[in-house]
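The block underneath contains the structure these notes are about, expressed in structure tokens.
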Amino acid sequence: MDARVDGIVEIFTWVGFGSGALLAGAALVLYLFDGTWMPARAVLEDGPHGRLARWFDHDGGVNEAHLTHEQAHTLAGKDMADIFYRRGSRNRLRLTQRSPVVRGVALLAIGLLGLGVAALVTSTILLFAGG
């Protein structure tokens, strides 16, 4: 029984550290490709094809984007909203500065690395407790 528990803990250690490190690298790459998102104040209007947001970027250019269904639902009843636009791109906006995908992958990586640490500690305890 003791050898089986040691084997299972060893597997959790390798899986936790290996997949956690891989996902942490993926989160870093996703973060770098996500780009820089700058805050702005947008004016919201009703257009023929749904709600429309207009804002000025850091260069003084005027941008506009149609809101997605989720964005329109979140901003329902508002005439102005705080948004984030991608620096270097035109007519792109979102309501959060950080990407939810990057955050999800990073949290999963942290969880898996935590699993690896917990399994390593358990393995060390079993090593000294088992003699």
Task: Selected residue (only one of Gly25, Gly61, Gly77, Gly35 is more than 30 Å from Gly116 (Cβ to Cβ) and out of contact with any Lys or Arg (no Cβ under 9 Å at 6 or more places or on another chain)) - done: Gly77
Task: From the options Val62, Val117, residue that is at pLDDT below 95 and of a type outside the set (Lys, Arg) - done: Val62
Open item on the list: So if I check each of Val121, Val117, Val105, Val101, which one is closer than 30 Å to Trp55 by Cα and assigned to a helix (DSSP H, G or I)?
Closed with: Val101
- [ ] Provide a single number: the residues in segment 59-108 that are of a type in the set (Val, Ile, Thr) and surrounded by 13 or more Cβ atoms within 10 Å (Cβ to Cβ).
- [x] 4
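The values are calculated or read from the model by the stated rules, or taken from the named source; none is laboratory data. Predicted, not measured: the structure shown is a model, and the values here were computed from it. In this analysis, Cβ positions are derived from the backbone assuming ideal geometry, glycine residues included, and neighbour counts consider all displayed protein chains.
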